[in-house]
Amino acid sequence: MAQALSVLRQQDPAVAEAIANEARRQRDWIELIASENYVSEAVLEAQGSIFTNKYAEGYPGRRYYGGCQYMDVVETLAIERAKQLFGAEFANVQPHSGAQANMAIYLAALKPGDSILGLKLDQGGHLTHGHPLNFSGIYFDVHAYGVDRETELVDYDDLLRVAKQVRPKLITSGASAYPRTIDFARMRAIADEVGALLWADIAHIAGLVAAGLHPSPIPHAHFTTTTTHKTLRGPRGGLILSSAAIAEEYNLNRAVFPGVQGGPLMHVVAAKAVAFGEALQPEWRAYQSRIVDNAKALAQGLVQRGLRLVSGGTDNHLMLIDLSRSEGIEEISGKKAEKALDEAGITVNKNAIPFDPRKPMVTSGIRVGTPAVTSRGFGGVEMERIAEWMAVVLRDIDNADLQAQVAATVREFCAAFPVPGHARYRDEVADDTLPTAPPAAEPIAMPSPT
Ligand code: DSN
């Protein structure tokens with residue numbers, strides 16, 4: 001196996017060492033950030049390829065540059081595989097990210113000032129669904145629906161009531177921090193009742209949707225967008241799906257290019273083609289099932305140890321832990337819990353819980369998910385151990401010695417589960433040096449990272 005950093009170490013040791021340290025961190029920490037995953041060697045090879053050298057503005061067969069014949073090959077592969085994977089008639093694989101896929105939908109479907117209706121951001125919604133600091137909140141008239149205070153499930157009756165009042169042009173379904181099944185059929189019925197378009201942002205659950213483990217929005221939503229790197233386990237990027245008729249009526253290709261982007265990142269498009277090819281293999285569906293099984297096992301382990309989960313559990317790959325009402329845990333913030341768990345070798349992110357009184361940089365909850373640990377080969381037994389380590393650390397939040405002990409145990413435990421895609425780094429990071437964390441930067445005023 002070639003050494004991944006041999007040239008870089010000579011030319012730019014500072015960057016090489018940062019990459020090596022990140023490889024060590026990925027190896028030695030348990031990754032529970034619900035939106036992260038580990039891509040395969042093949043995806044890494046495609047993304048790190050000489051495709052990065054090429055401009056290919058336009059679409060297969062209609063480019064603004066010469067020499068695009070091989071760009072056409074991979075983009076067509078990516079499009080056809082994405083269509084097959086999701087059972088969609090149309091796919092655009094060029095969005096650089098989920099946010100840019102979403103921006104293209106706004107451009108295609110709306111005019112500035114039009115009203116939109118999305119899930120409240122502190123109840124699971126995403127920045128691009130109308131946050132005041134995001135373009136969506138700046139250019140559109142934003143209204144929101146929420147979850148029921150008791151059940152913490154999306155309140156579809158409230159959604160219908162608000163939709164009748166507001167008469168939005170576009171209703172958004174989808175979330176960054178919602179642990180339960182989304183009823184796309186019901187949302188379409190509501191959209192039809194008020195004459196709105198329905199857009200499904202399935203960034204988190206795309207893998208489960210493709211594997212048939214979560215109802216698909218494709219038959220219901222006018223537009224579907226997703227990222228390609230979460231449960232889908234591809235390169236960092238975005239994707240748009242729809243029917244052929246909607247793609248034509250709203251000219252979705254034009255909305256992406258030249259609407260919101262210039263040249264596509266063709267090395268990423270190549271990596272998307274590879275990832276979609278992997279997702280079409282039978283074993284990939286089994287991987288998605290294990291993600292859900294692991295999430296249920298982790299949820300059960302946490303609940304048994306007194307931790308309160310928003311809505312009581314999970315139907316998908318993620319759960320939200322409410323640190324303000326968990327047994328045996330003094331009330332702590334998500335920020336403090338994130339830091340303590342990181343010291344103990346477990347990476348999570350602080351996250352607002354529904355009706356959270358704390359600010360997005362502090363929060364009363366943490367979000368955890370199982371896509372990455374499942375890629376690493378963890379199963380039910382490992383989920384039980386993770387639940388125990390988390391509970392122990394959270395119950396004794398200021399105990400730095402305990403955190404260090406757990407980190408050492410976690411590191412030893414992780415050694416038995418090689419990280420996918422890391423084979424080429426293995427020798428380069430084989431020394432025992434743990435990455436030294438850079439000094440924490442002063443946070444700038446920003447909304448929630450979701
Ligand atoms: N930032 C992503 C997440 O963590 O869920 C959403 O875009």
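The values are calculated or read from the model by the stated rules, or taken from the named source; none is laboratory data. What you see is a predicted model; the values in this text were computed from it and never measured. Heads up, the Cβs are rebuilt from the backbone with ideal geometry, glycines too, and the neighbour counts pull from every protein chain shown. Side chains included, ligands, DNA and RNA excluded: accessible areas come from the protein's heavy atoms. Shrake-Rupley method; radii C 1.70, N 1.55, O 1.52, S 1.80 Å.
The listed residues D72, D28, once ranked by accessible area (1.4 Å probe) with the largest placed first, stand as D72, D28.
For the chain, what number results from the quotient of the Cα radius of gyration and 2.2 N^0.38 Å? Before the final figure, lay out each step's value.
Details: Rg = 21.9 Å, N = 450, 2.2 N^0.38 = 22.4 Å.
Here the Cα radius of gyration is 0.98 times the empirical estimate.
Using R0 = 60 Å, the C-beta based FRET efficiency linking Q304 and E57 works out to 0.65. For segment 184-308, the relative contact order works out to 20 percent when only alpha carbon pairs closer than 8 Å and six or more residues apart are counted. Taking amide H positions as modeled 1.01 Å from N, with prolines and chain starts lacking one, the residues under 5 Å from D141 and 5 or more places away or on another chain are G113, D114, S115, I116.
Label positions at Y139 and A408, each projected 7 Å from the Cα along the C-beta direction, are separated by 5.5 nm. Protection proxy ranking of 197-209, 358-370, by the mean of other Cβ atoms within 10 Å over each peptide's residues and highest first, is 197-209, 358-370.
Give, rounded to the nearest 20 debye, the magnitude of the charge dipole that the chain has about its Cα centre when Lys and Arg contribute +1 at Cβ and Asp and Glu contribute -1 at Cβ. Numbers along the way, then the final one.
On the way: 43 positive and 52 negative charges, 165 e Å.
Around 800 debye, computed over the chain.
Peptide packing: for 181-188, 63-70, the average count of neighbouring Cβ atoms within 10 Å per residue gives the ranking 181-188, 63-70, highest mean first. The residues of segment 140-219 expose, per residue, 37 Å² of accessible area to a 1.4 Å probe. One chain, two ends: A400 and E17. Fully extended at 0.36 nm per residue, the span grows by 135.2 nm beyond their Cα-Cα distance. Maximal additional length on extending the D148-A189 stretch stands at 12.8 nm, based on 0.36 nm per residue less the C-alpha distance.
Using a Förster radius of 45 Å, what is the FRET efficiency between E283 and Q10 based on their Cβ-Cβ separation? Nearest 0.05, please. Write down the numbers at each step before the final one.
Values: r = 39 Å, r/R0 = 0.86.
Given R0 = 45 Å and the Cβ-Cβ separation, E is 0.70.
Specify the longest stretch of the chain that does not include any exposed loop site, a site being one of the GluC sites (Glu not before Pro) with a non-H, G, I, E, B DSSP assignment and at most 15 other Cβ atoms within 10 Å. The longest such stretch corresponds to 151-326. Measuring between their Cα centroids, segment 94-155 and segment 311-340 lie 25 Å from each other.
Dipole of the chain (Lys/Arg Cβ +1, Asp/Glu Cβ -1, origin at the Cα centre): which of I386, L239, Q403 lies farthest to the positive side? Of the listed residues, the answer is L239. A simple spin-label model places pseudo-atoms 7 Å from Cα toward Cβ; at A244 and A423 they are separated by 4.0 nm.
Estimated at 0.36 nm per residue, the fully extended path between D293 and D72 surpasses their Cα-Cα distance by 75.7 nm.
Which order do the peptides 234-242, 114-122 come out in when sorted by mean C-beta neighbours inside 10 angstrom, highest first?
Working: 234-242: 26.4, 114-122: 22.2.
Descending packing order for the listed peptides: 234-242, 114-122.
Note on the chain: helix-only mean residue ellipticity at 222 nm, from DSSP H runs of 4+ residues weighted -39500 (n - 2.57) and normalised by residue number, equals -12000 deg cm²/dmol. Dipole of segment 291-395, Cα-centred, from +1 at each Lys and Arg C-beta and -1 at each Asp and Glu C-beta, to the nearest 20 debye? Once rounded to the nearest 20, the dipole reads 260 debye. What figure in square angstrom, to the nearest 10, would you give for the accessible area of T314 with a 1.4 Å probe? T314 has an accessible surface of roughly 10 Å² with all protein chains in place. Each Lys and Arg adds +1 at its Cβ and each Asp and Glu adds -1 at its Cβ; summed about the Cα centre, segment 29-122 shows a dipole of about 360 debye.
Ranking of V406, V166 by solvent-accessible surface, largest first: V166, V406 (1.4 Å probe, protein heavy atoms only, all chains present).
Restricting to Cα pairs below 8 Å that are 6+ residues apart, what does the relative contact order work out to for the chain? Please round to a whole percent.
Details: 912 pairs, mean separation 105.4, N = 450.
Computed over the chain, the figure is 23 percent.
As a length-normalised measure over Cα pairs under 8 Å and 6 or more apart, the relative contact order of segment 15-84 settles at 16 percent. Surface calculation, 1.4 Å probe, protein heavy atoms: D293 sits at approximately 100 Å² accessible. Model label points for Q84 and I50, set 7 angstrom from Cα along the Cα-to-Cβ axis, are 2.8 nm apart.
To put it simply, the accessible area of segment 39-193 at a 1.4 Å probe is 53 percent carbon and sulfur.
Within segment 246-312, report the trypsin sites (Lys or Arg not before Pro) that DSSP leaves as loop and that have at most 13 other Cβ atoms within 10 Å.
Working: sites: R254, K272, R285, R290, K296, R305, R308; in loops: R305.
Taking segment 246-312 and a limit of 13 other Cβ atoms within 10 Å, no loop trypsin sites (Lys or Arg not before Pro) are found.
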